[in-house]
Structure formats: C-alpha cells, structure tokens
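The values are calculated or read from the model by the stated rules, or taken from the named source; none is laboratory data. Predicted, not measured: the structure shown is a model, and the values here were computed from it. As a convention, Cβ positions derive from the backbone with ideal geometry for all residues, glycine included, and neighbour counts pool all protein chains shown. When the accessible area is computed, the model is the full protein with side chains, heavy atoms only, and any ligands, DNA or RNA have been set aside. Shrake-Rupley method; radii C 1.70, N 1.55, O 1.52, S 1.80 Å.
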Amino acid sequence: MKKVVSLLLAALLVVGCAACGGNSSGQSSAASSGASDKKTFTVGFDKDFPPYGFVDDKGEFTGFDIELAKEAAKRMGLEIKLQPIDWDAKDMELKTGAIDCIWNGFTINGREDQYTWSSAYMNNSQVFVVKKDSGIKSFADLKGKIVSVQTDSSAQEALEDAKNADLKKSFKELVVCKDYNAAFMDLTSGAIDAIAMDVGVARYQIKTRNADFVVLDGSIAEEQYGIGFLKGNNEMKDKVEKVLQEMVKDGKFAEISKKWFDEDVCIIK
C-alpha cells in the first residue's frame, strides 16, 4: 500500500513540475512579448556634457543629442525617458536594462566590440584647452604641467593609448576628474594647467563661460560618435537607426545640428 501511495505521489510531482515548466515558459513568452511592446525609450546620458546633454537654466535636460533622441522617440511612437547616469557606470546601466542606449557624444572608436552601434553620425576629436595667457602654445609646452581629464572618457583613453605614451609622460601629473565643470573650475583657479576633452564640448564651454580659454592646435585623437546599445540588442538599434536615417533625409537632423553648431555635422550618407 505504501508503495502504491509513493508511486501516486511521484506521479503528482511529475505533473506538478510539468505544469510549473509550462507556466515558466508562458511567463518568458509574456516577458518577451512585453519587450516588443515597449512604451518608453530610455536614453542614458551624462548631464554635465554640453552641448550634447546637460541641464539648462530652467532645470531641464537639453542638448544636441537630447533633441535628436526626443525626435527619434516621437517617430518611433515611444515616450522619451531621459536618464542621467554616472559615466563610469554606463555599462552596468545597460546590462541591467535601466537604459536602452547611451546617446551622448559617445565615441565608437576603441569600443567597437563592446556595444551594438548605430551608424556613426558625426566626427569628433580630442584636444587640449588652456588659459589664453598661460604661455602654453603647443603640446610640447605641456611638459611639466598638470593636465585634467574626465574619468572613463575618450580623452582619458586617448592619453593612455601607447601612441601617446611620451606625451603623457611629459606631464607633471594627469588628474582624473568626475566632470568637466569641475575641470574648468580647476583651470580657472590655476589648480591645473590644461584639460583634455572633446573639441565640441571645449568650444561650447569657452563660448558659454565667456572666459579667456583657447583650444591648442592639433588633436590627441580623431574619432566618431554613435549611439551605443547593449551588445546584441539589434532590435532596438534597428528601430533607432531607421528613424535616424529618416531624420537625415527629411532635413530634421540638419535643423537640430545647425541650432547647436551653426553647421550640419552629419556624416551619415
């Protein structure tokens, strides 16, 4: 009798487990379906990176890439969600699904295999900014000087590249800061002698601060900007890519670009 009861219990357990497996599959399908039925487009960006993404005088998020992202979301029929992130935590934000992409002056070069990328949409370069009266006129004049760079930035990567090893060694010190607002305060106070940064950001900062800063001739590195998605997320990349191409064709990209740069910076063919 005990043996019969045991067999019956075992059979019930098997049926129960099969049912659990069926429910699990159903939940997985629902989750997958939910992913396809997204209502929002969450864009991760550095809120201290003008003119690409920053907080304006009204306390609202704005910038060149922010406007492009808003237009893309509208064309995809999705609600835009702008999510400021710590730049050194951007990979975690993508992996956890907290954001759908990084769209904020994001350099492709050197990161080609780390993300799924949109087409490159603009060129960029890494440069040095110094005080106009500093006496620093060239890269050679940076010898023995203190240079600042934003953490986990393209400028930092460029200076740590082997081809720039001699240049970096010539500095008295390479200081890593959290954001460029802090770097410009240090440059103003004389705590540092130069900032290595994106040329677009440099020109915008000099223009808006009305300060006597200059960009040195030459570049540390040349690069291109793109929209970075979690590796393998081709579905979302393709959707954004499609509307980005539409914006180029109908002139919306150029309109937004000229607002921020006084020219069309688009390199999408």
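Looking at 187, 174, which one is assigned to a helix (DSSP H, G or I) and surrounded by 13 or more Cβ atoms within 10 Å (Cβ to Cβ)? Break it down into steps so the answer makes sense when it comes.
Details: 174 fails: assigned to a helix (DSSP H, G or I).
Exactly one residue qualifies, and that residue is 187.
Hey, among the residues in the range 191-238 that are among the charged types (D, E, K, R) and part of a loop (DSSP other than H, G, I, E, B), which one's nearest to the chain's Cα centre (by Cα)?
Step one: of the range 191-238, the residues among the charged types (D, E, K, R) are 193, 198, 203, 207, 209, 212, 217, 222-223, 231, 235, 237-238.
Now narrow it down to the ones that are part of a loop (DSSP other than H, G, I, E, B): 193, 212, 217, 231.
Numbers: 193: 27, 212: 29, 217: 26, 231: 14 Å.
Looking at the filtered set, the residue picked out is 231.
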Study note, to complete from the structure: With criteria (1) over 21 Å from residue 69 (Cβ atoms); (2) charged (D, E, K, R); (3) touching a strand residue (DSSP E or B) at 6+ places or on another chain (Cβ under 8 Å), residue 207 comes up short on (3)
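Among the residues of the range 109-121, is any among the aliphatic types (A, V, I, L, M), at pLDDT 95 or above and closer than 23 Å to residue 250 by Cα? Show your work before the answer.
Looking only at the range 109-121, we keep the residues that are among the aliphatic types (A, V, I, L, M), and these are 120.
Among the residues that remain, those that are also at pLDDT 95 or above are: 120.
Checking the rest, the ones that are also closer than 23 Å to residue 250 by Cα come to 120.
Yes, the range 109-121 contains a residue that is among the aliphatic types (A, V, I, L, M), at pLDDT 95 or above and closer than 23 Å to residue 250 by Cα.
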Review point. If you scan the range 50-67, which residues turn out to be crowded, with 17+ Cβ neighbours inside 10 Å, in contact with a Ser or Thr (Cβ under 9 Å, 6 or more places away or on another chain) and of a type outside the set (Gly, Ala, Ser)?
Key: 50, 51, 54, 64
Review point. Checking residue 155 against (1) in a helix (DSSP H, G or I); (2) open to solvent by 20 Å² or more (accessible area, probe 1.4 Å); (3) within 18 Å of residue 90 (Cβ to Cβ), which test does it fail?
Key: (2)
Exercise for review: With the condition kept exactly as written, say whether any residue in the range 251-258 is hydrophobic (A, V, I, L, M, F, W, C), free of Cβ contacts under 8 Å to residues at least 40 places away in the same chain and part of a helix (DSSP H, G or I).
Suggested key: yes
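Does residue 219 meet the test of being polar (S, T, N, Q) and under 25 Å from residue 167 (Cα atoms)? Before the answer, list the steps.
Values: polar (S, T, N, Q): yes; under 25 Å from residue 167 (Cα atoms): yes.
In short, yes.
Out of the residues in the range 127-143 meeting the condition of being touching a Gly at 6+ places or on another chain (Cβ under 9 Å) and within 17 Å of residue 212 (Cα to Cα), tell me which one is most open to solvent (accessible area, probe 1.4 Å).
First, pick out the residues of the range 127-143 that are touching a Gly at 6+ places or on another chain (Cβ under 9 Å): 127-128, 131, 138-139, 141.
Narrowing further to those that are within 17 Å of residue 212 (Cα to Cα): 127-128, 131, 138.
Details: 127: 5, 128: 0, 131: 61, 138: 45 Å².
Checked the range 127-143; the qualifying residue most open to solvent (accessible area, probe 1.4 Å) is 131.
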Point to revise | Checking residue 166 against (1) surrounded by 11 or more Cβ atoms within 10 Å (Cβ to Cβ); (2) assigned to a helix (DSSP H, G or I), the condition it does not meet | key: (1)
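Being over 18 Å from the mean Cα position of the chain (by Cα) and of a type in the set (Asp, Glu): is that true of residue 241 here? Lay out the reasoning, then the answer.
Values: over 18 Å from the mean Cα position of the chain (by Cα): no; of a type in the set (Asp, Glu): yes.
So residue 241 fails the test.
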Check your understanding: Going by the structure shown, is residue 140 over 19 Å from residue 238 (Cα atoms), modelled with pLDDT of 95 or more, of a type in the set (A, V, I, L, M) and not in a loop (DSSP other than H, G, I, E, B)?
Key -> yes
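Say we look at the range 190-231 and pick out the residues that are charged (D, E, K, R) and touching a helix residue (DSSP H, G or I) at 6+ places or on another chain (Cβ under 8 Å); which of these is nearest to residue 145 (Cα to Cα)? Reasoning before the result, please.
Looking only at the range 190-231, we keep the residues that are charged (D, E, K, R), and these are 193, 198, 203, 207, 209, 212, 217, 222-223, 231.
Cutting the leftovers down to touching a helix residue (DSSP H, G or I) at 6+ places or on another chain (Cβ under 8 Å) gives us 193, 198, 209, 223.
Values: 193: 6, 198: 20, 209: 23, 223: 25 Å.
So the residue we want is 193.
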